[in-house]
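Report on one structure; see the data block that follows.
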Amino acid sequence: MTDTKPPRKKESPPGAPGLDTRAVRGAAEPDYNAGAVVPPIYQTSTFHFPAELSEARSQGTVHLYTRLGNPTLTQAAQAIASLEGAEQGRVYASGMGAISSVLLSTLRSGDEVVALENLYGNSVTFLRDVLPRWGIHVRWVPEEESSEVARSVTDRTKLLFLESPTNPTLRVHDLSAWAKAAEDAGAFLLVDNTFATPVNQNPLALGAHVVMHSATKYLSGHSDLIAGALVGKAEVLAQTANLSETLGATLDPMAAFLLLRGMKTLGVRVRQHNHNAEAVVEEFSSHPKITNVLYPGRFSEKEEELARRQMRGRGGMVSLVVKGGLPAAHRFLANLRVIHPASSLGGVESLASLPAETSHRQLSAEERARRGIDDGMIRLSIGIEDAADLVADIRHALDQS
Ligand SMILES: Cc1ncc(COP(=O)(O)O)c(C=O)c1O
C-alpha cells in the first residue's frame, strides 16, 4: 500500500519550473496577437497567406490549412511536451490516431515490433490485425516475461511498445529495462502513459523515446472530448509528421482549447485521484464478495518496489474482481448511485466498466483469460469526489451484487 498523502514534491532546480507551474503556464510561447492570457481558439479550416507563400512556408512563419497545423493545436502539443519533459509534441484526433500514426509512419514491411501482451484493446487489434497486412510482424511479450524483454528483440526490431500500469490489470513493468532493450537494438521505445499521467510517471526520463497519451482521459480530465498526443525525441516525431497529416487524424481546435484548459488542473486532479483510489483499495482489500483488488504495486513485492522506483503516485485506476462472474458484475453496475457505469476513464467523475464488455471486448475469451481479464472484473476510474461517498457507493453495490 502506498502513501495516502500526495507525494512531497522535490524542489525544482533554479530555472526549471515544477509540474504544476508548467501545467498552469501551458505552452512555452503564449499567444502574443492580443496579449490574451488564455490563448484564443483558432477555429478556422484555412489561413490567409502572403503572396510570397513558398518563401514564408520555408521560414515556418505561416499556417496554411488546419489539417496540416493550427496555432491552438501547437499550443496544446507544446503544453503536453512540457509536462513530459519532451523536446517536441504533436496532438491527434484521438489516442488511436496517435498510435496508428506513429506505428504506420515509423515501420516498414519486414520490420518487427515487440509489444507487451497487455495493451489497451484497440492497440492490440491494430497490432494484431492491421500491421501484419503491411508485412510487419509483432512479437508479443507475456507479462511474466516482461523483465526478459531483450530476448524477444531481433535485428529486425524497430519499435518496442508497452503500457505501465497496464489496462485493466494494473501491473507495473520496468520501463528502464524496456528502454535498454530498445537502445541496445537501435530501436525505439514507445510508452502509452495514459494511465499514469505525467504527474505520476515520466517515461522519457527513464529512457523511452516517445510517449503516447489518450488525452481523452486524465490530460483533459472532464470526459468532454476525444484527443491524443505523441511527445518525445524530435527525430522520431519528425518521421510521423508527413504521414499523420496525410492520414488526417487532426485534432479539432475547439477540442485542443478544452484540452489546454483541462491540463491547467492536472496536478491537483491527479493527486486527488491518487488519494481517493488508495482509500478505495484500502477499504476493499479484504471483502467477502471480492476475490482480487488490482492496483499498481499490489501484484508482488517486486512490483511494489518497481512502482516505488518509477512512479510518484499510483494513479486513479482500480480493478475489482467480484465473485459470481459477469452476472454479479452486472448487478454491481446496476446498483451504483454515485459512480457512473460508463467506459473511458480519467475524468473528474468516477466511472465503472467491465473490460470483458468494453475496452477488451475485441479479444476472444481465451485472449482475455491469458491476460488475466476475468469476466467478473470491474474497472473503476476513481474520480475526485469525496472518498467517503465513493466507498459507500461501492459497498452498497457490492451488498446488492
Ligand atoms: C491506455 C489507453 N490507450 C489508448 C487509448 C485510446 O485512446 P482514444 O480512445 O483517445 O483513441 C485508450 C482508450 O481507452 C486507453 O485506455
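The values are calculated or read from the model by the stated rules, or taken from the named source; none is laboratory data. A quick note: this is a predicted structure, and the numbers were derived from the prediction, not measured. When we count neighbours, we look across all protein chains shown, and the Cβ atoms used for this are built from the backbone with ideal geometry, even at glycine. Side chains included, ligands, DNA and RNA excluded: accessible areas come from the protein's heavy atoms. Shrake-Rupley method; radii C 1.70, N 1.55, O 1.52, S 1.80 Å.
Let me confirm something: among 197, 250, which residue is within 16 Å of the ligand (Cβ to nearest atom) and farther than 12 Å from residue 84 by Cβ?
250
Of all residues in the range 164-185, which are outside any loop (DSSP other than H, G, I, E, B) and of a type in the set (Asp, Glu)? Write out each step before concluding.
Of all residues in the range 164-185, those outside any loop (DSSP other than H, G, I, E, B) come to 175-185.
Scanning the range 164-185 gives 183, 184.
From the list 230, 225, which residue is crowded, with 22+ Cβ neighbours inside 10 Å, out of contact with any Cys (no Cβ under 6 Å at 6 or more places or on another chain), closer than 30 Å to residue 97 by Cα and modelled with pLDDT of 95 or more?
Residue meeting the stated conditions: 230.
I'd like to know if the range 302-320 contains one or more residues that are touching a strand residue (DSSP E or B) at 6+ places or on another chain (Cβ under 9 Å), among the aliphatic types (A, V, I, L, M) and either open to solvent by 20 Å² or more (accessible area, probe 1.4 Å) or not assigned by TED's automatic domain parsing to the domain that holds residue 374 (or both). Can you show your working first?
Within the range 302-320, the subset touching a strand residue (DSSP E or B) at 6+ places or on another chain (Cβ under 9 Å) is 316-320.
Subsequent filtering for residues that are among the aliphatic types (A, V, I, L, M) retains 317-318, 320.
In the following step, the residues that additionally are either open to solvent by 20 Å² or more (accessible area, probe 1.4 Å) or not assigned by TED's automatic domain parsing to the domain that holds residue 374 (or both) were identified as none.
There is no residue in the range 302-320 that is touching a strand residue (DSSP E or B) at 6+ places or on another chain (Cβ under 9 Å), among the aliphatic types (A, V, I, L, M) and either open to solvent by 20 Å² or more (accessible area, probe 1.4 Å) or not assigned by TED's automatic domain parsing to the domain that holds residue 374 (or both).
Given (1) free of Cβ contacts under 8 Å to residues at least 24 places away in the same chain; (2) under 18 Å from the mean Cα position of the chain (by Cα), where does residue 246 come up short, assuming only one miss?
Among (1) free of Cβ contacts under 8 Å to residues at least 24 places away in the same chain; (2) under 18 Å from the mean Cα position of the chain (by Cα), residue 246 violates only (2).
For the range 41-55, indicate whether the set of residues that are within 30 Å of residue 124 (Cα to Cα), open to solvent by 50 Å² or more (accessible area, probe 1.4 Å), assigned to a loop (DSSP other than H, G, I, E, B) and touching a residue at least 60 places away in the same chain (Cβ under 8 Å) is non-empty.
So far as the range 41-55 goes, no, none of its residues is within 30 Å of residue 124 (Cα to Cα), open to solvent by 50 Å² or more (accessible area, probe 1.4 Å), assigned to a loop (DSSP other than H, G, I, E, B) and touching a residue at least 60 places away in the same chain (Cβ under 8 Å).
Limited to the range 102-125, what total is found for residues that are open to solvent by 30 Å² or more (accessible area, probe 1.4 Å) and among the hydrophobic types (A, V, I, L, M, F, W, C)?
1
Taking interchain pairs and intrachain pairs at least six residues apart, which have beta carbon atoms under 7 angstrom, with the first residue in the range 142-165 and on the phi > 0 side of the Ramachandran plot and the second modelled with pLDDT under 95 and among the small types (Gly, Ala, Ser)?
none
Among the residues in the range 187-198, are any touching a strand residue (DSSP E or B) at 6+ places or on another chain (Cβ under 7 Å), surrounded by 24 or more Cβ atoms within 10 Å (Cβ to Cβ) and over 30 Å from residue 17 (Cα atoms)?
no
Could you give me the residue pairs with C-beta distances under 6 Å whose first residue belongs to the range 277-293 and is touching a residue at least 24 places away in the same chain (Cβ under 8 Å), whose second residue is among the charged types (D, E, K, R) wherever it lies, and which are 6+ apart or on separate chains?
289/323; 291/323
Does the range 363-384 hold any residues that are over 17 Å from residue 143 (Cβ atoms), touching a residue at least 40 places away in the same chain (Cβ under 8 Å) and open to solvent by 50 Å² or more (accessible area, probe 1.4 Å), and which are they?
375, 384
Within the range 173-214, can you find the residues that are closer than 22 Å to residue 277 by Cα and of a type in the set (A, V, I, L, M)?
196, 199
Of all the residues that make up the range 209-228, how many are touching a Pro at 6+ places or on another chain (Cβ under 6 Å) and near the ligand (Cβ under 7 Å from one of its atoms)?
Counting residues in the range 209-228 that are touching a Pro at 6+ places or on another chain (Cβ under 6 Å) and near the ligand (Cβ under 7 Å from one of its atoms) gives 0.
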